[in-house]
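Have a look at the structure below before the remarks.
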Amino acid sequence: MSGLRCSFATSRSLALMTKFRHQYHISQPQPYPQGFSFWPNYFSDTEQKTLLAASLHKLDQSETRRARRRRKEYWDSKLQSLIRLGAGSPASLFAPDDMYEFQEGHFDGVIHHFREMHLSSWPIEQFQDLSAILIRLYSLCPTKDIQTHILHLASYGSILPHVDNVNSSGAWILGVSLGGERVLRMQKVPEGGENFSLNLPSGSVYLQRDQVRYNYLHSIARKSREGAVVDAEQRLSIMIRDQNAYPSSY
């Protein structure tokens with residue numbers, strides 16, 4: 001997927017990113033292949049709601065006036081417009097599925113029932129504390145030449161196994177999970193390698209780089225219990241990728 005660079009970093013914010021790298025990157029056991037890192041509780045509940053609200057704000061601007069009006073009427077009827085950031089779980093910020101203009105399928109057949117956009121900027125002025133939260137987020141990026149992508153899945157949406165387009169992003173991918181918990185499945189290619197999976201709770205962050213970036217299929221699925229798929233909530237992910245050329249060594 002091609003995208004635009006997200007213009008956020010300033011000289012001051014870049015300095016703060018370096019500070020946060022040392023302050024928040026606590027060493028942890030790594031039961032995963034080299035090149036995969038996971039922070040299960042990186043963002044607080046309040047930070048999650050701010051990130052999610054800002055992301056939905058950007059996505060909603062790209063939808064039709066009719067869809068925006070329906071959601072406004074819904075929130076007004078629920079008396080949520082004044083308290084959405086202060087009550088409930090992060091997933092409570094989503095309107096019902098039928099109030100969004102989800103696309104049924106992506107051009108490559110991988111993503112189903114979704115909305116997406118590539119960010120050129122964040123609505124920092126509209127959301128208090130968003131700037132500080134973004135500094136924490138971007139401090140996890142291994143390099144600075146980046147592109148940011150928002151992907152909103154319906155409660156019944158899914159992402160099938162795939163390797164991200166090697167022509168449009170470089171050696172690492174960082175993902176933030178917000179809203180409903182899903183399962184990330186990683187499958188080594190060619191077959192016969194080590195596969196693994198993990199739950200992605202809201203507020204978690206994962207990073208796949210180098211051989212895990214290029215040599216594993218990854219997918220996002222709904223959770224299951226005793227072989228049956230469990231009802232899911234909507235999920236929004238913030239995907240950050242570098243823009244380096246595809247390395248010849250992979």
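Laid out as a table, the results:
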read-out: Residue match in the range 129-151 (condition: over 21 Å from Glu233 (Cβ atoms), of a type in the set (Val, Ile, Thr) and in a helix (DSSP H, G or I)); value: yes
read-out: Close pairs (6 angstrom Cβ cut-off, 6 or more residues apart or separate chains): touching a residue at least 12 places away in the same chain (Cβ under 8 Å) in the range 147-170, of a type in the set (Asp, Glu) anywhere; value: Leu151/Glu116; Ala154/Asp97; Ser155/Asp97; Ser155/Glu233; Gly170/Asp242
read-out: Test: Pro247 is in a loop (DSSP other than H, G, I, E, B) and either at pLDDT 95 or above or out of contact with any helix residue (DSSP H, G or I) (no Cβ under 9 Å at 6 or more places or on another chain) (or both); value: no
read-out: Meets criteria (at negative phi and modelled with pLDDT under 95) for Asp97; value: no
read-out: Flag if Arg136 is at pLDDT below 90 and under 21 Å from Pro201 (Cβ atoms); value: no
read-out: The range 139-154: number of residues that are modelled with pLDDT under 95 and out of contact with any strand residue (DSSP E or B) (no Cβ under 8 Å at 6 or more places or on another chain); value: 1
read-out: Whichever residue in the range 223-236 is at pLDDT below 65 and part of a loop (DSSP other than H, G, I, E, B) and, among such residues, is farthest from Pro161 (Cα to Cα); value: Glu226
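The values are calculated or read from the model by the stated rules, or taken from the named source; none is laboratory data. This is a predicted model, so every value here is computed, not measured. For neighbour counting, all protein chains shown are included, and Cβ atoms are generated from backbone atoms with ideal geometry for every residue, glycine included.
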